[in-house]
Amino acid sequence: MWELFFSAIGQVLLIGVLIGAGLPAIFALGVRSLAYGAGGDAEVDHEAGHPIGKVGAAIAFAVVLAVIGLGLAIIISSGFGYAVSFEHIFPTFVKRGGH
């Protein structure tokens with residue numbers, strides 16, 4: 001019983017650290033990448049802008065928005081009696097208690 005208890009606490013801690021610290025870190029990386037893409041006064045050494053910075057920022061912001069959207073989908077679907085299933089590659093909504 002204690003093994004299950006500590007396993008569950010470990011999982012909650014891991015997800016909390018990933019979402020609580022990971023998403024803001026990815027967002028900050030996107031902001032930094034956007035400054036690198038803009039160049040000029042936004043960059044410390046005042047170089048010209050780099051297109052790869054804008055692409056990196058778009059990817060970072062897309063990841064953050066996808067995780068936020070997935071979290072909202074999980075919360076809202078539970079209110080309607082559904083659950084989000086990850087049986088397949090893409091998350092799908094299933095009636096709670098069934099597959």
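Out of region 82-96, which residues are touching a Gly at 6+ places or on another chain (Cβ under 9 Å) and assigned to a loop (DSSP other than H, G, I, E, B)?
Our first condition is that a residue be touching a Gly at 6+ places or on another chain (Cβ under 9 Å); within region 82-96, this holds for 83, 95-96.
Across region 82-96, the qualifying residue is only R96.
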Looking for something surrounded by 12 or more Cβ atoms within 10 Å (Cβ to Cβ) and not aliphatic (A, V, I, L, M) - is there at least one such residue anywhere in region 14-22? yes
Are any residues in region 20-51 over 21 Å from the mean Cα position of the chain (by Cα) and at pLDDT 90 or above, and if so, which ones? none
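When region 80-93 is examined, which residues are found to be closer than 22 Å to G16 by Cα and without any contact (Cβ under 8 Å) to a residue 12 or more places away in the chain? Write out each step before concluding.
So the first thing to find is which residues in region 80-93 are closer than 22 Å to G16 by Cα, and the list is 83-86, 91.
Answer for region 80-93, where residues must be closer than 22 Å to G16 by Cα and without any contact (Cβ under 8 Å) to a residue 12 or more places away in the chain: just F86.
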Any pair with Cβ under 6 angstrom, 6 or more apart, that starts in region 52-79 at a residue that is closer than 21 Å to P24 by Cβ and ends at one that is assigned to a helix (DSSP H, G or I) and β-branched (V, I, T): A60/I26; V63/I26; V64/I26
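The values are calculated or read from the model by the stated rules, or taken from the named source; none is laboratory data. Just so it is clear, the model here is predicted, and its values are computed rather than measured. A quick note on method: Cβ atoms are made from the backbone with ideal geometry, for glycine too, and the neighbour counts reach across all protein chains shown.
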